[in-house]
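Engineer: For reference, the structure I am asking about is given below.
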Amino acid sequence: MVTWSWTSAVIGAAATAATAALLSAKPKDPTFHLISIKITSFKLSIPLIDAEVILTVHVTNPNAVPIHYSSTHMSIFYAGSLLGSAKVSAGSQPPRSCQLLHLPARLSSKELALHAVQVVADVGKREMVLDATVDIEGVARVGRWGHRFKVHVDSHVTVDPVFLDVIEQENKSDLDLFVG
């Protein structure tokens, strides 16, 4: 005959709750998706024209804690050459939330001119492949304690070079959490 013990039941429930809390608190990589590219201005730098654009990026924080991050720059590449950079301003994001970031970027037509044959071919087929990398550092707050983190993001984006529509993308992020 099995005897019921309130002590065993409470210990079992506490262990289950602790395990569930631990599993839900395990840090997860944030996700990033480029939503749109909008040209805001052209700057004449004879004989070339540089473009200023706004990149709209959808960011998801899947973690159970808010994050605060410092400012940084995203590097944008075309055919292996640095095409420009986008400024990521310092900010924060609530737990389990999504938000849109509008990142101002400057793109150098000088780099595009160095790959003129490939640019013409990409415009002809209406597909241009861009790569971007960014390292974001910050603090995840749990109560009074802050845990530093660093996220490295690599993006591989195919855009229509005529209308600047995002055709397809692949983003990989790696989260490092520093405890101590």
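Engineer: What is the magnitude of the charge dipole of the stretch 134-180 about its Cα centre, with +1 placed on the Cβ of each Lys and Arg, -1 on the Cβ of each Asp and Glu, and no other charges, expressed in debye to the nearest 20?
Structural biologist: Once rounded to the nearest 20, the dipole reads 560 debye.
Engineer: Rounded, prolate or oblate: which fits the stretch 69-153, taking a ≥ b ≥ c as square roots of the Cα gyration tensor eigenvalues, rounded meaning a/c under 1.5, else prolate when a/b beats b/c? The partial results should precede the final answer.
Structural biologist: Numbers: a/c = 3.38, a/b = 2.81, b/c = 1.20.
Because a/c hits 1.5 or more and a/b exceeds b/c, the stretch 69-153 counts as prolate.
Engineer: Taking 0.36 nm per residue of separation and subtracting the Cα-Cα distance, what length does fully extending residue 150 through residue 172 add? Don't jump to the answer; show the numbers that get you there.
Structural biologist: On the way: separation 22, 0.36 × 22 = 7.92 nm, distance 1.37 nm.
Length gained between residue 150 and residue 172: 6.5 nm.
Engineer: Now for a different question. When the chain is treated as a GNM, springs tying every alpha-carbon pair under 10 Å, which of 79, 105, 14 comes out with the largest mean-square fluctuation?
Structural biologist: Evaluated over the chain, the most mobile residue of the options is 14.
Engineer: Can you tell me the length gained on complete extension of the stretch residue 73 to residue 110, counting 0.36 nm per residue apart and subtracting the Cα distance? Working shown, then result.
Structural biologist: On the way: separation 37, 0.36 × 37 = 13.32 nm, distance 1.99 nm.
The residue 73-residue 110 span can extend by a further 11.3 nm.
Engineer: Let me ask another. P(r) tail for the chain, what percent of Cα pairs lie past 19 Å?
Structural biologist: Details: 10366 of 16110 pairs.
Taking all Cα-Cα pairs of the chain, the fraction more than 19 Å apart is 64 percent.
Engineer: Which of the trypsin sites (Lys or Arg not before Pro) found in the stretch 134-180 are in a DSSP loop and have at most 15 neighbouring Cβ atoms, other than their own, within 10 Å? It would help to have the intermediate numbers written out before the result.
Structural biologist: On the way: sites: 141, 144, 148, 150, 172; in loops: 144.
In loop regions of the stretch 134-180 (DSSP not H, G, I, E or B), the sparsely surrounded trypsin sites (Lys or Arg not before Pro) are 144.
Engineer: Also: What ranking of 78, 69 comes out by heavy-atom accessible area, probe 1.4 Å, highest first? Please list the in-between numbers first.
Structural biologist: On the way: 78 5, 69 30 Å².
Order by accessible area, largest first: 69, 78.
Engineer: With a cut-off of at most 14 other beta carbons within 10 Å, and DSSP calling the residue loop, which chymotrypsin sites (Phe, Trp or Tyr not before Pro) in the stretch 93-180 qualify? Please list them. Please report the intermediate quantities before stating the final value.
Structural biologist: Numbers: sites: 145, 149, 163, 178; in loops: 163.
Passing sites in the stretch 93-180 are 163.
Engineer: Okay, next question. Give me the extension gain from residue 135 to residue 87: residue separation times 0.36 nm, minus the current Cα-Cα distance, reported in nm with one decimal.
Structural biologist: On the way: separation 48, 0.36 × 48 = 17.28 nm, distance 1.17 nm.
This chain segment gains 16.1 nm when fully extended.
Engineer: So how much accessible area does residue 114 have, in Å² to the nearest 10, using a 1.4 Å probe?
Structural biologist: Taking all protein chains as shown, residue 114 has close to 120 Å².
The values are calculated or read from the model by the stated rules, or taken from the named source; none is laboratory data. Computed from a predicted structure; not experimentally measured. Glycine gets a Cβ as well: all are built from the backbone with ideal geometry, and neighbour counts include every protein chain shown. Heads up: the accessible areas ignore ligands, DNA and RNA and are worked out on the full protein's heavy atoms, side chains in. Shrake-Rupley method; radii C 1.70, N 1.55, O 1.52, S 1.80 Å.
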